[in-house]
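Where a number appears in this text, it was derived from the coordinates with a stated rule and is not lab data. Keep in mind the model is a prediction, meaning the values are calculated, not measured. Ideal geometry is used to build each Cβ from the backbone, glycine not excepted, and the neighbour counts take in all protein chains shown.
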Amino acid sequence: MALMLGMFLAALDQTIVATALPTIAADLHGLNHLSWVVTAYLITSTISLPLWGKFGDLWGRKGFFQLSVVIFLAGSALSGLSQNMFELIVFRAIQGLGAGGLMVGSQAIIGDVIPPRQRGRYMGYFGAVFGLSSVLGPLAGGWLTQHASWRWIFYINVPIGAIALVVIAAVLHVPAHRLSHKIDWWGTSLLSAGVVGLILVTTWGGSQYAWRSAMIIGLGVASLVLLAVFAFVETRATEPIVPMGLFRNRTFSAASAVGFVIGFTMFGSIVYLPLYLQVVHGSSPTRSGLELLPMVTGMLITFIISGRLVSRTGRYKIFPIVGTAIVAIGMIALSHLGPTSSFPTAALYMFIIGFGMGLVMQVLVVAVQNSVPHEQLGTATATATFFRSIGGAFGVALFGSVFNSQLLSQLRAHASAKEMAMLGGGSISANPAQINNLPPAAHLVVIDAFSSALQRVFLVAAPIAVLAFVLSWLMKEIPLRTHAHVTTSTEDETEPEVAVAFDAPGEFGM
């Protein structure tokens, strides 16, 4: 429960801020820097993932997990106290730094104390928490902003995190394996710089700068060069932050690739479902959060069922294969939603998407952890999570570009010059709430344009989900071990020599 609270804090904060952003911008007079409230959190949480994983491998995970909770809570409290936009951006960066440790630490600690054969069940519970937070975030953010203050979207983390800290200190006992160490500072710096550059490309491209501008092209090239140098440095480092040898592990490589593509598909397209519900169906932000429950229900069902089946059978490869196929079908279904589609129809399609996602997300973590030696558990978990996060950032950028171009094209094709002027040349997409105040004729044009643009987003996402389906077949299924710790690689089909640190699966039975 303590670990799930940590996961809940980090996952919730990825979405809870979104509905409060307009109010924050008005209160702090910082509309021009609004995107950095999200970008700062994304950058620090992403680049810190491999670092938290490596540090946990070297010095033990419990202490670093507690440290990440403290950093996250400090960033949360300071964000709530912010008096201007610059302070909020800096404090959000601190919060993101702690969030990276929460995401990696919670999953890696499960790898420390639960044998892989039993781990699927617990990863299912973690996946359910992640899915639930994706809906509760916008819902809670809208409610707190409307009925209390936007500052409470940050303050609410403090009591939850404090409870987590007390429980962790009292009941969590993780085997510590302290190793002689030498931190790979060169690799850390190169990776951080390269990832920051890529995230800025995906954040700025198509919005602040044109995709073909010198800034975006130069930043993209510089980021790729930095990452290429990083890969070379890691082959020479004594203790690399991301061991290149991991990529010779077929299961790790395939699972990371599937995670990247499914993150690309999920985070890049599912974020548009609330927009469909609010703009095309006219739901309020709070109501649209409730209307996403069918998708979360689908996730909850398959997160838990797949986890239990993995624990019972010791097999996992079939779940990503089936899950990615269902996601592709769900994306095709979503591409048929329009202004006349009923909510039960939309709910069914959302349920299909959630059902498929639940079969994929956490099973990939189990597969990765089962395929690497224990001394690389945190690093492998963090790296796999890192690829999913980067995939999501790229997906948001690509689908955002698809959505904006299609929306503008539809408005120019069907709106009169007067209506276009009323819509601000198509920039209404930045504030969907304006649509309710439009005259009936303009309102109808906007609804149709939004619907067409969203259909295109989901249609583009479908073949990407098919790619994830193809990649999932490349995973090598290794029978799940019945002990928690391994000291040698597990890429062969036989169970390796093991050192038992916690060998009582029934003690955690649920």
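Given the Cα-Cα distance of Glu239 and Thr345 and 0.36 nm per residue of separation, how much length would full extension add, in nm?
Numbers: separation 106, 0.36 × 106 = 38.16 nm, distance 5.26 nm.
Length difference between fully extended and current span is 32.9 nm.
I need the peptides 79-92, 97-110 ranked by packing, meaning the mean over residues of other C-beta atoms within 10 angstrom, with the highest value on top. Display every interim value, and only then the final one.
Details: 79-92: 18.9, 97-110: 28.1.
Ranked from most to least packed, the peptides come out as 97-110, 79-92.
HN-Hα J couplings of region 362-379 from phi, Karplus 6.51/-1.76/1.60, θ = phi - 60°, integer Hz, Gly and Pro as x?
7, 4, 4, 5, 4, 4, 5, 5, 6, 9, 10, x, 4, 5, 10, 4, x, 5
Quick one: length gained pulling Ile304 to His147 fully straight, 0.36 nm per residue minus the C-alpha distance? It would help to have the intermediate numbers written out before the result.
Values: separation 157, 0.36 × 157 = 56.52 nm, distance 3.41 nm.
Residue separation times 0.36 nm, minus the Cα-Cα distance, leaves 53.1 nm.
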